1. GNM on chain B, C-alpha springs below 10 Å: top fluctuator among B:THR80, B:THR55, B:THR118?
2. Mean-square fluctuation check for chain A, GNM, Cα pairs under 10 Å: which of A:ALA57, A:ALA35, A:ALA98 is largest?
3. Taking every pair of alpha-carbon atoms in the stretch A:1-113, give the share separated by more than 23 Å as a whole percent.
4. Roughly what would the spin-label model give for A:THR12 and B:THR56, points 7 Å off Cα along C-beta, in nm?
5. Need one value for B:38-50: mean number of C-beta atoms belonging to other chains within 10 Å of its residues' C-beta atoms.
6. Calculate the spin-label point distance for B:VAL14 paired with B:VAL33, positioning each point 7 Å from the Cα along the beta-carbon direction, and give it in nanometres.
7. Considering only C-alpha atoms, what is the centroid distance from the stretch B:14-70 to the stretch A:39-67, in Å?
8. Please build a GNM for chain A, connecting alpha carbons under 10 Å apart, and tell me which residue among A:TYR105, A:TYR37, A:TYR27 fluctuates the most.
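Where a number appears in this text, it was derived from the coordinates with a stated rule and is not lab data. Not measured: the values here are computed from a predicted model. All Cβ positions, glycine included, derive from the backbone under ideal geometry; neighbour counts span all protein chains shown.
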Amino acid sequence: MGVRVNSFATNTVVNPLPANATETVIYVTPPLITAAYSATIFFRWTINVTTNTGITALSVRIRRGITIAGFSIGAAAWLSSVASGLQVEAQGCYFDSAGALEGPYCLTVSQTGATAASTLNDGCLMAFIL
Amino acid sequence: MGVRFASTCTNVQVNAMPSGTTQANILQSPPIVLATDGAQVNLTWMLNLTAGTLTTQITVQLLRGPAWATGPLATNWYTTVVAAKSYLLSGSYVDQPGGGVFQYALVIVQNSGSSASTYIDGALLAFVL
């Protein structure tokens, strides 16, 4: 009998990037139900962006919940220096053990210094429960 | 009945970022126990840093074990960088270590004459396939 790890993936953009540096929710998972409270959820994400005027960095976070008020699972926002007018790809992995706080997660992006909206060409957020 | 795959993960920086060509373990996983001697281990890592003064190259290596003497899993992974810029580095690899209990470490090395980069965040995860 085969066994599959519970997993989820999305490439559905829930909000466009704004013409400013406001942190914006890009991808959202459904609630992730773990087999045990001690289970680790492994995340892998990628975004491909065409940068616009004023931007100097992309700042990415994964948060618990579906809003920018949620707990950020990283030690800090993940920064990637960029310049305007470029096509860039940012990607990363991380993990979380939410314990009894089972629920959805979201990937958010801030465009540091942006005065015009960059274009999110493609991307995805994957989560699987180890 | 739920099934879980053996895995370990860490986001704890174990050593200060190095300057020059000093090698330093930055992330180090707890020991992982393989289900079978032939099992493969999937290694996935992320490193977010701001390049230090005079830094032009960041080299990332994965080690099987906590010590350099055990040897890198693969060739050096180089990234050309510019000082004071932030970089999000990420990758995956696979190891088939045979039977036993193993730790894995993420090591970085910079170019000669560089100052230590600033560690922002990182993660190293190993899970048994």
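1. The residue that fluctuates most here is B:THR80.
2. Looking only at A:ALA57, A:ALA35, A:ALA98, the largest GNM fluctuation is found for A:ALA35.
3. 31
4. 4.9
5. 3
6. 2.0
7. Rounded to whole Å, the Cα centres lie 23 Å apart.
8. A:TYR37
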